[in-house]
Amino acid sequence: MTIVLVVDVFDNLTNGTTMTAYRFAQSLRENGHEVRVVAIGDKEENPYALCEAQLPVATKIAHKQGFAFAKADLTTFERAFQGADVVHFLIPLFMDHKALQVAKKMDVPICGAFHLQPENVTFILHMSKAQWLARGIYRFFNRVFYRNFDHIHCPSYFIANQLAKNGYTAKLHVISNGVDDDFCPGEVRESFHDGLIHILMVGPLSPEKRQRILIDAVEKSRYADRIQLHFAGKGPCKEKLVEQGKKLPHPPTFEFYSKEDLIALIRRCDLYVHASVVEIEAISCLEAFSCGLVPVICNSDMSATVQFALDERSLFRPDDSADLANKIDYWLSHPEEKARMEQEYAKQGDSYRIAASVKKAEEMFGDVIRDYREKHRVSGY
C-alpha cells in the first residue's frame, strides 16, 4: 500500500502523537509499504515537508508543549495524495483540516486517528475543571473534522468510549500506540551504587502530568531520606518543579533522554510513578513496565492509563499525595512481591508490542479501502 500520514510534527519525539507517527511510519516501511509523511520538515529530506506556521500566541504556547503548527500547502498535499491507497490524519488542527479538504476533493480513501484529548486542551487553557468545555471540544472536533471519516483509530478503549458518548458514529478501531521491542527487561549497564531508592516518571513537565504530586508524596514517604526522583522530560513547569524539589533530602533530577539512555535509566530504577490525570494511553508508562518496572498509576477518570494496573496496589487516588506515598511505601516494603510483579508487568508489556499494533493498523487501512471501493461500486463510479 501507499500510505500517507498527515501530522503537524513528525521528527520531534517529545510527545505521544509524534512518537506514534514516527514509529508507525518506520514499521509500515519495514513491512514493505510506501509511506509518505506530510509534516513540518526539510524539503530536501522529505519531498512532502511543510513550513511551520507562525500564529500569534498559539505558537508560543505550542512550543512550550513541544509542539508546532504546520502551514498548509495545497500543492504539497496534491503531490502527496496522488496515487495514494489511503490518507491517515492524526490530529484535527488547521493544516490537517485544509489537507482533508484536498483529499476529499481528490476522492482518495481517508481515515483519522484521535490523539488530541480535549482535556489536555482545557489544562493548557487553565480551565481543567470546565467539563462542559471538554465536552464542547469533543463535539467541535467531530463537527469540523471527524465526521468526515468512516474509520477512526483510538489508542485505547477509554478514548473510544469518550467518542461514542459524544456522538461519533464512525467505526472506532482500538489500536494501542504500541511499545518498541527495545523496551524490555535487560542487563543493567551500570547501577547507581549510591544506596538510594530510584523512582522514575517520564513525560512532559506540564500541569496535567502532576509531577508536583509525586514530589509531595516523596516528602511524605517514610523512605523520603533514601529516595532519589528522576523526571525524564521537558516542559513549561520545570522551574516550579525544580524549586519545589529542593525541599526533598535528594532533589529530583531533570533531563530529556535519548531512547537508548532512557531504556538504561528505566532498567536502573526501582519503581515507576505515573501521576498524570489526563491520558489517551501513555506510551511512557507502557515503556516503563515493559522493561519490568512496577508502575503506580493515578486512578483518574480522565485517563486510559488505569488500564495498565494489574491490581489496586498500582493505583492511587487523583491528586492525593498521601495515598501515593502509601502505595510507594507498600512496594518498597515488599521487595519480594515487587520482584514477582515486575515479571508480571513485563509479560503484560509483550501484549502491546508495536508489531501487533501496526498489523491492526494495516487491517484498518484495508477496511477503509474496501469500504471506499464498495461505496463507489454501489454509487456507479
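Values in this text are rule-based calculations from the coordinates and carry no lab data. No experiment lies behind these values; they were computed from the predicted model shown. When we count neighbours, we look across all protein chains shown, and the Cβ atoms used for this are built from the backbone with ideal geometry, even at glycine.
Any idea what angle helix 321-333 forms with the longest principal axis of the chain, computed on alpha-carbon atoms, 0 to 90 degrees, nearest 10?
The angle comes out at about 70 degrees.
Can you work out D for the range 197-350 in µm² s⁻¹ from Stokes-Einstein, where Rh is the Kirkwood radius over C-alpha pairs, the temperature is 25 °C and the viscosity is 0.890 mPa s?
Reported coefficient: 163 µm²/s.
How tilted is helix 259-268 with respect to the longest principal axis of the chain? Cα atoms for both, answer in degrees (0 to 90, nearest 10).
30
If you average the C-alpha positions of the range 239-292 and of the range 106-144 separately, how far apart do those two centres end up, in angstrom?
27
For the range 79-210, what is the Kirkwood hydrodynamic radius in Å, using each pair of distinct C-alpha atoms?
In the range 79-210 this quantity evaluates to 17.7 Å.
Which log10 I(q)/I(0) values does the range 159-218 give at q = 0.17, 0.28, 0.29 Å⁻¹ under the Debye formula, counting every alpha carbon as one identical point scatterer?
With no solvent term, the Cα-only Debye profile gives -0.97, -1.10, -1.13.
Relative to the longest principal Cα axis of the chain, at what angle does helix 354-379 sit, 0 to 90 degrees, rounded to 10?
20
What net charge do the residues around Lys71 carry, taking every other residue with its C-beta under 13 Å from that of Lys71, with Lys and Arg at +1 and Asp and Glu at -1?
-2
Quickly estimate the mean residue ellipticity at 222 nm for the chain, helices only: each DSSP H run with n ≥ 4 gives -39500 (n - 2.57), and the total goes over all residues, rounded to 500.
-13500 deg cm²/dmol
Contact order normalised by length for the chain, with contacts defined as Cα pairs under 8 Å and 6 or more residues apart; what percent is it?
Relative contact order here is 15 percent.
Using the number of other C-beta atoms within 10 angstrom as an exposure proxy, rank Asp225, Asp216 with the fewest first.
Ordered from fewest to most neighbouring Cβ atoms within 10 Å, Asp225, Asp216 come out as Asp225, Asp216.
With a Cα-only, solvent-free Debye model of the range 69-151, what are the log10 I(q)/I(0) values at q = 0.16 Å⁻¹?
-0.65
Counting other C-beta atoms within 10 Å, which of Thr169, Thr17 has the fewest, and how do the rest follow?
The most exposed by this proxy come first: Thr169, Thr17.
Among Phe231, Phe141, what is the fewest-to-most ranking by other Cβ atoms within 10 Å?
Starting with the residue having the fewest Cβ neighbours, the order is Phe141, Phe231.
Could you work out, for the chain, what percent of all Cα-Cα pairs fall into each 10 Å distance bin, beginning at 0 Å and stopping at the bin that holds the largest distance?
With 10 Å bins starting at 0, P(r) equals 5, 23, 32, 24, 12, 4, 1, 0.
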